[in-house]
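So the structure is just underneath, and the comments pick up after that.
The values are calculated or read from the model by the stated rules, or taken from the named source; none is laboratory data. These numbers were taken from a predicted model, which means no experiment stands behind them. Glycine gets a Cβ as well: all are built from the backbone with ideal geometry, and neighbour counts include every protein chain shown. Surface areas here come from the heavy atoms of the whole protein model, side chains and all, with no ligands, DNA or RNA. Shrake-Rupley method; radii C 1.70, N 1.55, O 1.52, S 1.80 Å.
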Amino acid sequence: NNWITTHQEGVIVLYPMQAPNRRVERRTDIVEILQKQYKVHNVMNLSHYESKGKFLEGTGSMIFEHTHKIAYASLSSRTSTEVLDRFCNSMRFQPITFQALDEFDKPIYHTNVLMSVGDKFAIICMDAIKEPSDQEDLIASFRKTQKEIFKISYEQMKNFVANCLEVTNNKGERILVLSERAYQHLEESQRKRLENYVKLLPCPLETIETYGGGSARCMIAEIFLPK
């Protein structure tokens with residue numbers, strides 16, 4: 001999910017990756033398959049920013065709220081404001097940026113570690129956001145876009161509760177894909193509140209969580225391209 005996003009306007013965006021060994025994930029054959037199966041009007045390639053040491057790692061760096069065209073982004077070495085502004089200006093997203101720190105006051109490497117935004121809810125580790133003004137901006141945005149806010153703890157964040165993704169199945173049902181580990185670390189009251197909006201689909205993802213530093217959201221790149 002870090003090197004590519006697709007958009008309803010018929011645009012594919014390719015992203016600059018910080019780690020050199022992850023840059024090889026950008027595959028032209030996948031882009032060509034999408035171009036054959038969907039209406040693609042433009043491929044916006046931002047990977048040239050790698051030569052400038054500036055990065056924006058797709059939906060690791062940005063959490064999209066598609067209905068209102070908002071891109072939430074926690075700034076870090078993997079999320080450059082320059083590249084973010086280039087993306088948002090081109091795709092007409094409103095950027096909402098903030099600083100997020102772990103328990104040791106180090107920047108959290110990806111935004112999708114600490115937050116997820118669904119159609120009717122937002123899951124976020126607000127403790128990681130130290131600036132009151134950043135917290136206020138986020139809460140105001142969630143309220144404006146009519147999201148119920150689920151605040152999670154550092155412990156829940158470390159167990160990938162925020163690294164989840166709302167999808168729709170072929171029956172039109174809204175599903176929240178998350179790991180079994182994340183599901184087990186949700187409080188019972190949180191599960192019940194989430195089930196007002198989505199069906200929970202916990203999956204066994206021990207390998208990527210143990211060795212890859214990610215979870216369910218990191219494994220999925222959505223296709224929004226028109227047929």
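Using the 1.4 Å probe convention, the accessible area of the chain works out to 50 Å² per residue with neighbouring protein chains retained. The magnitude of the dipole of the range 1-73, with charges of +1 and -1 set on the Cβ of Lys/Arg and Asp/Glu and taken from the Cα centre, is near 120 debye. Contact order, relative form, for the chain: 19 percent (alpha carbon pairs under 8 Å, 6 or more residues apart, mean separation divided by residue count). Does the range 86-198 classify as rounded, prolate or oblate by the C-alpha gyration tensor (a ≥ b ≥ c root eigenvalues; a/c under 1.5 gives rounded; else a/b over b/c gives prolate, otherwise oblate)? Oblate.
Going by a ≥ b ≥ c, the root eigenvalues of the Cα gyration tensor, does the range 1-49 fall in the rounded group (a/c under 1.5), the prolate group (a/b larger than b/c) or the oblate group? It comes out prolate by the Cα gyration axes.
Annotation: the antiparallel percentage among DSSP beta bridges lying fully within the chain is about 50. Size of the chain: Rg and Dmax of its alpha carbons, in Å, are 16.9, 47.
Computed with a 1.4 Å probe over protein heavy atoms only, the accessible area of Leu14 comes to about 20 Å².
Each label point was placed 7 Å from the Cα along the Cα-to-Cβ direction; for Thr67 and Leu200 their separation is 2.2 nm. For the range 57-151, rounded, prolate or oblate, judged on the Cα gyration tensor with a ≥ b ≥ c (square roots of eigenvalues), a/c < 1.5 rounded, else prolate if a/b > b/c? Cα axes put the range 57-151 in the oblate bin.
Ligands, DNA and RNA left out, the accessible area of the chain computed with a 1.4 Å probe is 48% carbon and sulfur.
Whole-Hz Karplus values for the range 193-205 come out as 5, 5, 5, 5, 10, 9, 8, 8, 10, x, 10, x, 10 Hz, taken residue by residue from phi with 6.51 cos²θ - 1.76 cosθ + 1.60 and θ = phi - 60°; glycine and proline positions read x. Here r is the Cβ-Cβ distance between Glu173 and Phe104 and R0 is 35 Å; the resulting FRET efficiency, rounded to 0.05, is 0.30.
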